[in-house]
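Shown next, in structure tokens, is the structure this report addresses.
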Amino acid sequence: MDNGEVVLGIDVGTTAVKVAAFTADGRPAGAHSVAYPIARPRPGWAEQDPEDWWRGCVTALRTVLSGLPAGSVRAAGIVSQVNTHLLADADLNPLTPAVIWQDQRCAGVARELDARFTAEDKTRIWGGPVALDASFAGARAAWFAREEPELWARARWLLSPKDFIGARLTGRVATDKLSGVRIAGADGYLPEAVALVDGLAERLPELLEPETPLGTAPELGGAPVVVGTMDAFGSVFGTRTTEPGRGMVSCGTSLVVAGASRQGTTVRGLVRFPPRDGLFVHAGPTQAAGDAVRWWGRVSGQSVEGAFASAADGSPGVVFTPYLQGERAPLWDADVRGSFLGLGSGTSRADLSRAVLTGVACSARHVLEAVDEACGSPLPSLTFSGGGARSDLWTQLHADVLGRPLERLRVHDSGALGAALLGAVGAGLFPDVETAAAATVAVERVFEPATDLTPLYEAYRASYNGLAEAHSHLATFRDG
């Protein structure tokens, strides 16, 4: 790119949409985010208004572009929260609120669908012992068809947030295989997964590679916009987890741990993405990271910033399990709930604040153990990015719990950078995203493990089985 030219990354997250501009060497050149709410109209439900995504995107684009020279945008890419689904008509008008990835209304439907497949079926279709959970696109489609049959009949599309935004920007509806968790594979949509729900096949977008241009966007002065991918895989690109032996922890609203390997082993509890040039990425998303901190701040009467400040004064010794709306990887248990363990008469609010941060780090280690297994050997070090990387304390706690060096990256918003890199490839600025990542991803600081927190982690792990009966009893009073 010439001096002054930039690529844009659009990240449609769970709490906000962010637009970020980057130079050719990956340095930030401007950013703006617009927050939006999550509605929880019933216990276990979690919804958003898709028009909030669109309004936020337009506002963020205008704000970033106002600080850039006219005509400086070469391309844009989009990533978004995954396993969030909306029904839209042929004119891209949403028919319902979007059901986001946290939503558990389809847990029973998912169990019914999951029970249709034997272990042998799962290995043949998905490559291993997967679990079809409440966020599975097939479960969402089955729920809509059963509970909202008139809206299901009117729907032309079942879309993810980034596909909705991409279509609004360019007029073309498409998605990518990486975002089609459990419903798409290396060769396209999985026939047996799609066939679970009558009418699902004709409501799914065409499949394209993430770096494929969708078309041009008037909002960007005619610059091309590419298909993009899910936020977690945007972070894979934006952290350079594109080479064997590299791994990442992305700590945002939820947390994702991923590792890259030539080994394609499927491990229970993880997602194994379709390979790219023989490289497999094994990943696991948790249910609550930053979301757990926001919850704790609210119930303890602190701001999020106050919760972090409080944690700095806390002492270790209390275990927190961040299962506030169940847990995804590696447990995939919609019924488990969070807890504090080890409370004493001397326990302070600061101790609990520290426990919340440490508990999220423990959830990362739980996923990392499965990622190491899938990759065939322990990953020697990991990159650390996402909103959590803004805190030195939280980064250090992750290094201590994981027992490995953490490379905090120059660009914390790795998903937005990954989106921008896909746009750069689509515009011909790099031959592929692996080359783009190698040229742009830079380490800001390395955090070495300083305290052995293995005893806390072992208590964290023991709590799940130890409290199983208690959670079963408490389900009677479940309030979501």
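The values are calculated or read from the model by the stated rules, or taken from the named source; none is laboratory data. Quick caveat, the model's predicted, so the values are computed rather than measured. Heads up, the Cβs are rebuilt from the backbone with ideal geometry, glycines too, and the neighbour counts pull from every protein chain shown. Surface accessibility is based on the protein's heavy atoms, side chains included, excluding ligands, DNA and RNA. Shrake-Rupley method; radii C 1.70, N 1.55, O 1.52, S 1.80 Å.
Summary table below
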read-out	value
Spatially proximal lysines relative to K18 (Cα-Cα < 27 Å; intrachain offsets below 8 disregarded)	K162, K177
Estimated 222 nm signal from helices in the chain, with DSSP H stretches of n ≥ 4 weighted -39500 (n - 2.57), rounded to 500	-10500 deg cm²/dmol
Length released on extending from E243 to A201, taking residue separation times 0.36 nm less the Cα-Cα span	11.7 nm
Accessible surface of the chain, 1.4 Å probe, proportion on carbon and sulfur as whole %	50
Spacing of the two label points (7 Å from each Cα toward its C-beta) at T96 and S377, in nm	4.8
Rounded Å value of the spacing that divides the Cα centres of segment 217-272 and segment 359-394	14
Selected from L341, S303, F320, residue furthest toward positive end of dipole (segment 286-353; charges at beta carbon)	S303
Selection from V371, G428, F384 lying farthest towards where the dipole of segment 300-431 points positive, charges on Cβ	G428
Lys/Arg +1, Asp/Glu -1 at C-beta; the chain dipole; positive extreme among S254, P210, A355	A355
Inter-label distance for R146 and R124, nm, one decimal - labels placed 7 Å from Cα along Cα-to-Cβ	2.5
Within the chain: Cβ-based charge dipole about Cα centre, in debye rounded to nearest 20 (Lys, Arg +1; Asp, Glu -1)	380
Accessible area of the chain divided out per residue, in Å², using a probe of 1.4 angstrom	37
